[in-house]
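The values are calculated or read from the model by the stated rules, or taken from the named source; none is laboratory data. Nothing here was measured: the structure is a model prediction, and the numbers come from that model. So basically every Cβ, Gly included, is an ideal-geometry build from the backbone, and we count neighbours across all protein chains shown. What goes into the accessible areas is simple: the full protein's heavy atoms, side chains included, and nothing from ligands, DNA or RNA. Shrake-Rupley method; radii C 1.70, N 1.55, O 1.52, S 1.80 Å.
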Amino acid sequence: MAKVIVVTSGKGGVGKTTSAAALSAGLALRGFKTAVIDFDVGLRNLDLIMGCERRVVYDFINVINGDAKLHQALIKDKRLENLFVLPTSQTRDKDALTQDGVERVIGELREEFDYIICDSPAGIERGAFLAMYFADEAIVVSNPEVSSVRDADRMIGLLTSKSRRAEQGEPIIQNLLLTRYDVERVEKGEMLKVEDVQDILAVPLLGIIPECPSVLQASNVGTPVILDEKSLAGRAYAEAVGRLLGDDVPVTVPRGSKRGLIDRLLRRTA
C-alpha cells in the first residue's frame with residue numbers, strides 16, 4: 001500500500017512544486033514507483049517543471065469527473081522508469097476538486113504505487129485542504145523568513161487538527177524542508193538561522209536546500225533539479241530523500257567561507 005505525502009506550506013513562492021518534483025524524482029531514482037499529483041487547479045506548474053507540458057491530454061479533474069480513466073491521465077516520465085505525473089486542469093477552478101473524487105483517485109493510486117506525492121497549492125483554501133487531507137505524512141516547506149515561517153506554522157496547525165489522520169486520532173508525520181537558504185543573508189541577519197526556525201516550528205528537519213541558480217535553470221528546461229548531480233540544491237534534495245527513507249544522513253547547515261567574511265569586513269571598512 002502506497003504512502004501518501006503532501007508537500008505543503010502556507011506561503012506561495014517557497015519552492016513547493018520544485019520540491020515535489022525533486023522528491024518524487026528522488027524516490028523514483030531509489031527504485032520506488034512514484035506518482036506526483038498537481039493540486040493547484042487553474043495555476044498548474046508541475047507539468048512545466050517535470051518537462052511534460054506538451055504531453056498533457058487528460059488531467060486530474062477529468063479523472064475526478066469520470067471523463068477519463070486514471071491511466072489515461074498519468075504521464076510516464078521519459079527519464080525515470082518509476083515516475084509518473086498526474087497534471088491538473090489549467091482552466092477549471094478549485095471547486096472542481098471534490099473530497100470524494102480525490103479520495104477515489106488516491107485510492108486507485110495506492111493500489112499501484114509505492115509513494116504518492118501531493119503538490120499542494122499555497123494558502124489554506126480547498127485545493128490545499130484536499131492535498132493534505134488524505135496524507136500519511138507531510139513535508140512542510142519554508143524559507144528562513146519570518147512571514148514564510150509564520151505561514152508554515154499555520155499549516156502545521158491545520159495538519160495536526162484537520163487531516164483525516166487527525167480526525168482518527170493518529171498524528172500525521174511532519175517534517176520541515178528549509179528552502180532557498182542563503183548563508184550570506186543569514187549572516188547579515190536578513191534571514192532566520194536554522195535553529196530559530198526549528199524552535200518556532202518544532203518539527204523534525206528533513207533537509208536544507210541552499211539558494212542555487214541551478215534550481216531556476218532546471219525549472220526552465222523542465223528537469224527536476226535532483227537530476228543535476230553538480231547542483232548543490234540537487235545534492236541537498238537527494239540527501240533529503242535519503243532521510244525520508246530512513247537513511248542516517250546528518251543535516252549539514254551551510255556555512256559561509258572565511259574568505260567571504262574577510263571580504264565583507266574589508267568592504268565595510270573601505
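Observations on the structure shown:
- Nitroxide proxy distance, nm - points 7 Å out along Cα→Cβ at E125 and R154: 1.3 nm
- Amide H contacts of L205 (H built 1.01 Å from N, under 5 Å, at least 5 apart or other chain): L176
- Cβ crowding within 10 Å averaged over residues, with 180-192, 206-218, 17-29, 120-132 ranked highest first: 17-29, 120-132, 206-218, 180-192
- Karplus-based coupling profile of the range 66-81, in residue order and whole Hz: x, 7, 8, 7, 4, 5, 6, 8, 5, 10, 7, 5, 7, 9, 10, 4, with θ = phi - 60° in 6.51 cos²θ - 1.76 cosθ + 1.60 and x standing for Gly or Pro.
- Between the amide H of V141 and those of T8, S9, L177, distances stay under 5 Å, these residues lying 5 or more places away or on another chain, with hydrogens modeled in the peptide plane.
- Note on K78: lysines with a C-alpha under 19 Å away, same-chain residues under 8 apart excluded, are K33.
- Take the chain with all the other protein chains still there, run a 1.4 Å probe, and you get 48 Å² of accessible area per residue.
- Where both bridge residues fall in the chain, DSSP classifies roughly 5% of the beta bridges as antiparallel.
- Point-to-point label distance, E103-A68, nm (Cα→Cβ direction, 7 Å offset): 2.5 nm
- Degrees, to the nearest 10: 258-269 long Cα axis against longest axis of the chain: 60 degrees
- Relative contact order, percent, the range 3-267 [alpha-carbon distance under 8 Å, six or more residues apart]: 24 percent
- Three principal axis extents describe the C-alpha atoms of the range 1-92; from largest down they are 33, 31, 27 Å.
- Note on E229 and S214: the model spin-label points, each 7 Å out from Cα along the C-beta direction, lie 1.1 nm apart.
- Each part gets one Cα centre, and for the range 128-162 versus the range 77-118 those centres are 20 Å apart.
- Taking the C-alpha atoms only, the angle from helix 146-162 to the longest principal axis of the chain is near 40 degrees.
- Cα-based helix-to-principal-axis angle, 232-244 vs the chain, degrees rounded to 10: 60 degrees
- Report summary: the helix-based calculation at 222 nm, which adds -39500 (n - 2.57) for every DSSP H run with n ≥ 4 and divides by the residues of the chain, gives -12000 deg cm²/dmol.
- Evaluating 6.51 cos²θ - 1.76 cosθ + 1.60 at θ = phi - 60° for every residue in the range 111-126, the Karplus couplings come out as 6, 10, 10, 8, 9, 10, 9, 9, 8, 7, x, 6, x, 10, 7, 4 Hz, glycine and proline recorded as x.
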